[in-house]
Amino acid sequence: MCGIVGYVGRAHATPILLDGLRRLEYRGYDSAGLAVINGGKLDTRKCAGRIAALAKLVRKQPVAGSLGISHTRWATHGKVNDENAHPHFDASGKLALVHNGVIENYQSLKDELVRDGDTTFRSDTDTEVLAHLIGKLYDDSCASTVDVAGKKTRLFEAVCTALRQVIGTYGIALVHADVPDFMVGARRGSPLVLGVGNGENFLASDVSAIVAYTRDAVYLNDFDMVAAGPDKFEISSLAGDITEHPVSKVEFTAEDIGKGDYPHYMLKEIFEQPNTVRDAMRGRLNPEECTAKLGGLNMAPPQLRDVGRIVLTGCGTALHAARVGEYLIERLANIPTEVDYASEFRHRNTPMTPETLVFAISQSGETADTLGALRESRRKGFRTLGICNNA
Ligand code: GLU
């Protein structure tokens, strides 16, 4: 799962959409694309490869408009090629959708659309099926003439109806050529944040994509839907209830998360380690009493003393960090500790003992297998905690 950026406002959308993608670039991706609505028409550029290749396409053929969405893809369904890059479109070509995640029942949804006569699929992705489904529901509901306000409502309803049929995970952003100042987002299992600006609003899979433009953010929860125009937004649940969400102030700046003078993010992270460790402990060590209060653990000393076994689970770099943690915990606390790959932990029957404490570790807090392991661990009744780098 990779990056999403959306913009609705009065500025030129393309530079914001490209800039947002660049700020998510460190997460890795295989293709990039964007779609902008201008004069009631959808204009798109997308390609396999780097954001620089997309930027080159845009330089050759500029895309104007102040409503748009962009995406970096990490392929799960279909090869890495231009056709499979996002955005994807509905059968009418007027709706554009970007998606992070996996639509698990895409094949049965697609079969049904094909049975109803839809023969216009252009990619192999699960995402395109969702675009076609929303587009069909919207077109059917707009069969009679409807004004622009009515079209917005119907588009939003079409997204809700389609998502209720989806099994799987998604963070999505979409626009439709019929409604030139309106963007819809939704999430389930894939993160999505709304950036609230002055006369403009943003969507992003991570706040770092938009923090250069606004520090006011609303972190959406699973099953939240958002409809945004330049001057207002409304958040509701997939079940249809309007929900109030606090607007949070983002505390870091765009510079904090840039590459600085380093050629790569990895090098920057390596050199930042001493400071990162110092920052993580700052204000939490109590040398007078030779103790520490690390927030988040929320366990009283007697509860800590009851821990007889620790399981650390994660994937990739988080798994390596867990391996270091295993040695440290055993050395310092003398508690038997084991490390398990999150993708394995989910599926095997780890013996359960009441004194076991499970830590799920994920840098982003989004790693699907680690979240799966965390849920499975809770379901089995283990005491379960999560560690991530991301508020
Ligand atoms: N499943 C979608 C695809 O393969 C989205 C992948 C992603 O999260 O980037 O295109």
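The values are calculated or read from the model by the stated rules, or taken from the named source; none is laboratory data. Everything numeric in this text was worked out from a predicted model, so none of it was measured. When we count neighbours, we look across all protein chains shown, and the Cβ atoms used for this are built from the backbone with ideal geometry, even at glycine. When the accessible area is computed, the model is the full protein with side chains, heavy atoms only, and any ligands, DNA or RNA have been set aside. Shrake-Rupley method; radii C 1.70, N 1.55, O 1.52, S 1.80 Å.
Within 15 Å, Cβ to Cβ, of residue 116, how many net charges do the neighbouring residues add up to if Lys/Arg are +1 and Asp/Glu are -1?
Values: positive: 110, 115, 136; negative: 90, 111, 112, 118, 139, 140.
So the surrounding residues net to -3.
For residue 188, nonlocal amide neighbours, meaning residues 5 or more places apart or on other chains whose placed amide H falls under 5 Å from its own, are 170, 171, 223. Each Lys and Arg Cβ is given +1 and each Asp and Glu Cβ -1; about its Cα centre, region 76-172 then shows a dipole of about 240 debye.
Helix-only arithmetic for the chain: the sum of -39500 (n - 2.57) across DSSP H runs with n ≥ 4, divided by the residue total, places the mean residue ellipticity at 222 nm at -9500 deg cm²/dmol. Straight-line cross-link reach from residue 259 at under 28 Å between alpha-carbon atoms covers these lysines, not counting any fewer than eight positions away in the same chain: 46, 56, 60, 249, 268. The phi-based Karplus calculation (6.51 cos²θ - 1.76 cosθ + 1.60; θ = phi - 60°) puts the 3J(HN,Hα) values of region 198-215 at 9, x, 7, 9, 10, 10, 7, 6, 8, 4, 4, 5, 10, 5, 5, 10, 8, 9 Hz, whole numbers, x for Gly and Pro. When you filter the GluC sites (Glu not before Pro) in region 197-244 for DSSP loop state and at most 15 other Cβ atoms inside 10 Å of their Cβ, you are left with 244. Electrostatic bookkeeping for residue 66 treats Lys and Arg as +1 and Asp and Glu as -1; over the other residues with beta carbon under 12 Å from its beta carbon, the sum is -1. Need the C-alpha centroid separation for region 247-304 versus region 148-164, integer Å. Result: 42 Å between the Cα centres. Evaluating kT/(6 pi eta Rh) at 20 °C and 1.002 mPa s, with the Kirkwood radius of the chain over Cα pairs in the Stokes-Einstein relation, gives 95 µm² s⁻¹. Within the straight-line cut-off of under 13 Å between alpha carbons, the aspartates and glutamates reachable from residue 151 are 139, 140, 178, 181, sequence neighbours fewer than 8 places apart in one chain being disregarded. Label separation (residue 270 vs residue 59): 3.0 nm, computed from points 7 Å beyond Cα along the C-beta direction. Evaluated with a Cβ-only charge set (Lys, Arg +1; Asp, Glu -1), region 1-150 carries a dipole of roughly 920 debye about its Cα centre, given to the nearest 20.
Here the relative contact order of region 2-118, from alpha carbon pairs under 8 Å that lie six or more residues apart, stands at 30 percent.
Against the chain, whose longest principal axis comes from its Cα atoms, helix 148-164 is set at around 50 degrees.
Applying 0.36 nm per residue to the separation of residue 222 and residue 334 and subtracting their alpha-carbon distance, the gain on full extension is 36.5 nm. Under the classification rounded if a/c is under 1.5, otherwise prolate if a/b is larger than b/c and oblate if not, where does region 235-391 fall, given a ≥ b ≥ c as square roots of the Cα gyration tensor eigenvalues? Judged from the Cα gyration tensor, region 235-391 comes out rounded (a/c under 1.5).
Running Debye on region 80-195 with equal point scatterers at the Cα sites and no solvent, what base-10 log of I(q)/I(0) appears at q = 0.09 Å⁻¹? These q points yield log10 I(q)/I(0) values of -0.21.
Rounded if a/c is under 1.5, else prolate if a/b is larger than b/c, else oblate: which is region 328-391, with a ≥ b ≥ c the root eigenvalues of its Cα gyration tensor?
Numbers: a/c = 1.80, a/b = 1.15, b/c = 1.56.
The shape class here is oblate.
Take region 173-311 with all the other protein chains still there, run a 1.4 Å probe, and you get 56 Å² of accessible area per residue.
Shown here for region 67-174: trypsin sites (Lys or Arg not before Pro) in loop regions (DSSP other than H, G, I, E, B) with at most 15 other Cβ atoms within 10 Å, namely 79, 122. Under the shape rule built on the C-alpha gyration tensor, where the axes satisfy a ≥ b ≥ c, region 36-107 is oblate, since a/c reaches at least 1.5 while a/b does not exceed b/c.
Summarising the label geometry, the points placed 7 Å from Cα in the beta-carbon direction at residue 344 and residue 119 lie 5.0 nm from one another. Between 300, 254, 368, the Gaussian network model of the chain with springs among Cα atoms under 10 angstrom shows the greatest mean-square fluctuation at 300. Evaluating 6.51 cos²θ - 1.76 cosθ + 1.60 at θ = phi - 60° for every residue in region 280-292, the Karplus couplings come out as 5, 9, 4, x, 10, 9, 10, x, 4, 9, 6, 9, 9 Hz, glycine and proline recorded as x. Taking 7 Å steps out from each Cα toward its Cβ at residue 352 and residue 26 produces label points 3.8 nm apart.
With charges only on Cβ, +1 for K and R and -1 for D and E, what is the dipole size of the chain about its Cα centre, in debye, rounded to 20?
Details: 44 positive and 49 negative charges, 102 e Å.
For the chain, the charge dipole is close to 500 debye.
For the pair residue 52 and residue 303, a Förster radius of 51 Å applied to the C-beta separation gives a FRET efficiency near 0.50, rounded to the nearest 0.05.
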